[in-house]
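Data block below; observations after.
The values are calculated or read from the model by the stated rules, or taken from the named source; none is laboratory data. These figures come from a predicted structure and were not determined experimentally. Every residue, glycine as well, gets a Cβ built from its backbone with ideal geometry; the counts of neighbours run over all protein chains shown.
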Amino acid sequence: MRVLFVCLGNICRSPTAEGVLRHKLREAGLATQVEVASAGTGDWHVGKAPDRRSQAAAKLRGYDLSAQRARQVSRADFATYDLILAMDNSNLRNLKALQPPKGKAELDLFLRRYQSPIDEVPDPYYDGDQGFEQVLDLIERASDLLVIELKGRL
Ligand code: 4NP
């Protein structure tokens, strides 16, 4: 199984989701069975490490994002990944526009799939530290449910 998280810049939300899910898969003993990655719809930050604020907030909860580097999502990703999860509706719209007719990937809005109280992970880029905490809260909860789904699908 291959899971790809997608946000706008690939330096805040989707790298956080990648780090959180990878950690939870390791805890669940599924690390070798599920491959996790992230990408951005935009290309401004390609090659960069996650935002310092995302890295710091994640580190305090035990997630290491430091090895990740941003990349832009591509049409080829729809053939590679089984599940592509967008962080907000704008990301989802951009992904639908890119989606080839015969790609194998299932495309969904991450939080809506797991009946989160809100549908979108809010973009924290222009926010204070509280925004990064909320990103982690929302992603941790949905990732727990995603691990349960993946267990059932393997
Ligand atoms: P992300 O956050 O989509 O969660 O990585 C953003 C990062 C950078 C920008 C926007 C959102 N930006 O405009 O540069």
Tell me which of these Ser143 doesn't satisfy, since it passes every other one: (1) closer than 23 Å to Glu27 by Cβ; (2) not in a helix (DSSP H, G or I). (2)
Restricting attention to the stretch 119-140, the residues that are assigned to a loop (DSSP other than H, G, I, E, B) and polar (S, T, N, Q) number exactly 0
How many of the residues making up the stretch 59-118 are surrounded by fewer than 18 Cβ atoms within 10 Å (Cβ to Cβ), touching a residue at least 60 places away in the same chain (Cβ under 8 Å) and not in a loop (DSSP other than H, G, I, E, B)? 3
Give the number of residues within the stretch 42-54 that are surrounded by fewer than 22 Cβ atoms within 10 Å (Cβ to Cβ) and either part of a helix (DSSP H, G or I) or aromatic (Phe, Trp, Tyr) (or both). 3
Leading residue by the ranking (modelled with the lowest pLDDT) among those in the stretch 114-146 that are farther than 17 Å from Pro15 by Cα and hydrophobic (A, V, I, L, M, F, W, C): Ile118
Can you spot a residue in the stretch 15-22 that is assigned to a helix (DSSP H, G or I), surrounded by 15 or more Cβ atoms within 10 Å (Cβ to Cβ), at pLDDT 95 or above and more than 16 Å from the ligand (Cβ to nearest atom)? yes
